[in-house]
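Structure record follows, encoded as structure tokens.
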Amino acid sequence: MKSMPRVLIVEDEPSIAELIAVNLRHNGFQPVWAEDGVSAQRELDAVLPDAILLDWMLPGQSGVQLARKWRSEARTKAIPILMLTARGDEPDKVAGLDAGADDYITKPFSTQEMLARIRAVLRRRAPEQVDDSVNIGGLALDAATHRVSWKSQPLKLGPTEFKLLHYLMKHAERVHSRSQLLDKVWGDHVFIEERTVDVHIKRLREALGAAGAMVETVRGAGYRLTAQVA
């Protein structure tokens, strides 16, 4: 029997947290509630959750600060983070994604949307069944050990960037539109905007450092990974 995925809800409004927790419980998740960064850290130190629902506006440390902190620590680095934001503003969403969130949900949201997004990040986190390794022009990726290196130097990539790179390397020299990438890398992209792809491509390039130039933008068409860097 599969254990129920544990979801840490970091939300300072008890009524919202309770509503989320009830819906999660009804749908086979195990919710844990923390009302601020300090109690969230306590929960993380005790048991690592499978995903974190993190409110943007919190007393003390903001959701963005917490996301950045958890992304920078080895133990919590790979946990999917979904930001809960009351604002639909583009800059805020991008700031959340830049801080390391995997996705965001704008309040008010439907239960179906929330569940779909949580399931999508959990699916993305599930290891690919293909345990292969790919080498292209000095860039090497080993899916079995989840390692990436450039000219034998190890690189650090987040879970979504890893999947994105894996897909691009497996289909090198081909141009992929944003919607194709959403389909292949995110899987369930009903609620994910194409803009999200751009943010993750930017993050991937940064993580690749000198090899970032291999990820090319093809104007009006999408992205491709190439060994023939101009």
message: So for region 179-187 (the condition being crowded, with 16+ Cβ neighbours inside 10 Å, more than 18 Å from LYS93 (Cβ to Cβ), modelled with pLDDT of 90 or more and not assigned by TED's automatic domain parsing to the domain that holds THR76), does at least one residue qualify?
response: no
query: Out of curiosity, is ARG205 at pLDDT 85 or above and of a type outside the set (Gly, Ala, Ser)?
result: yes
Unmet criterion (only one of (1) outside any helix (DSSP H, G or I); (2) of a type in the set (Phe, Trp, Tyr); (3) more than 20 Å from VAL94 (Cα to Cα)) for TYR167: (1)
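Each row is one residue, and each column tells you yes or no for (1) farther than 13 Å from ILE201 by Cβ; (2) acidic (Asp, Glu); (3) more than 15 Å from the chain's Cα centre (by Cα).
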position	(1), (2), (3)
GLY137	yes, no, yes
HIS146	yes, no, yes
SER149	yes, no, yes
PRO159	yes, no, no
LEU165	no, no, no
SER177	no, no, yes
task: Tell me which residues, restricted to region 143-164, are modelled with pLDDT under 90 and part of a strand (DSSP E or B).
output: ARG147
field: Filter result for VAL121 (farther than 19 Å from ARG6 by Cβ and among the aliphatic types (A, V, I, L, M))
entry: no
field: Unique residue being surrounded by 14 or more Cβ atoms within 10 Å (Cβ to Cβ), farther than 28 Å from ALA207 by Cβ and out of contact with any Phe, Trp or Tyr (no Cβ under 9 Å at 6 or more places or on another chain) when the list is ASP36, ASP102
entry: ASP36
task: Give me the pairs, please: first residue somewhere in region 153-167 and in contact (Cβ under 8 Å) with a residue 40 or more places away in the chain, second residue anywhere and basic (Lys, Arg) and in a strand (DSSP E or B), beta-carbon distance under 9 Å, and either six or more positions apart or on two chains.
output: LEU155/ARG147
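For region 4-13, enumerate the residues that are in a strand (DSSP E or B) and not charged (D, E, K, R). Even if it seems obvious, please write down each step before you answer.
Within region 4-13, the subset in a strand (DSSP E or B) is 6-10.
Scanning region 4-13 gives VAL7, LEU8, ILE9, VAL10.
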task: Being at pLDDT below 80 and crowded, with 22+ Cβ neighbours inside 10 Å is the filter here, so list the residues in region 48-99 that pass it.
output: LYS93, GLY96, LEU97
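Within region 14-29, identify whether any single residue is outside any loop (DSSP other than H, G, I, E, B), outside the structural domain of ILE201 (by TED's automatic domain parsing) and closer than 21 Å to THR196 by Cβ, and answer yes or no. Show your work before the answer.
As a first pass, look at region 14-29 and keep what is outside any loop (DSSP other than H, G, I, E, B): 14-26.
Going one step further and asking which of them are outside the structural domain of ILE201 (by TED's automatic domain parsing), we end up with 14-26.
Okay, now just the ones that are also closer than 21 Å to THR196 by Cβ, so none.
No - not one qualifying residue is present in region 14-29.
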query: Among the residues of region 1-45, which ones are hydroxyl-bearing (Ser, Thr, Tyr) and either farther than 17 Å from MET114 by Cα or modelled with pLDDT of 95 or more (or both)?
result: SER3, SER39
message: I'd like the residue in region 9-33 that is within 21 Å of the chain's Cα centre (by Cα) and aliphatic (A, V, I, L, M) and, out of all such residues, is surrounded by the fewest Cβ atoms within 10 Å (Cβ to Cβ).
response: VAL32
query: Restricting region 24-52 to residues that are polar (S, T, N, Q) and touching a residue at least 12 places away in the same chain (Cβ under 8 Å), which is farthest from ALA74 (Cα to Cα)?
result: ASN27
- prompt: charged (D, E, K, R), in contact (Cβ under 8 Å) with a residue 24 or more places away in the chain and either surrounded by fewer than 18 Cβ atoms within 10 Å (Cβ to Cβ) or within 29 Å of LEU115 (Cα to Cα) (or both), is that true of LYS202?
  reply: no
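The values are calculated or read from the model by the stated rules, or taken from the named source; none is laboratory data. For clarity, every value in this text was computed on a predicted model and none was experimentally measured. Virtual Cβ from ideal backbone geometry, glycine too; neighbours counted across all protein chains shown.
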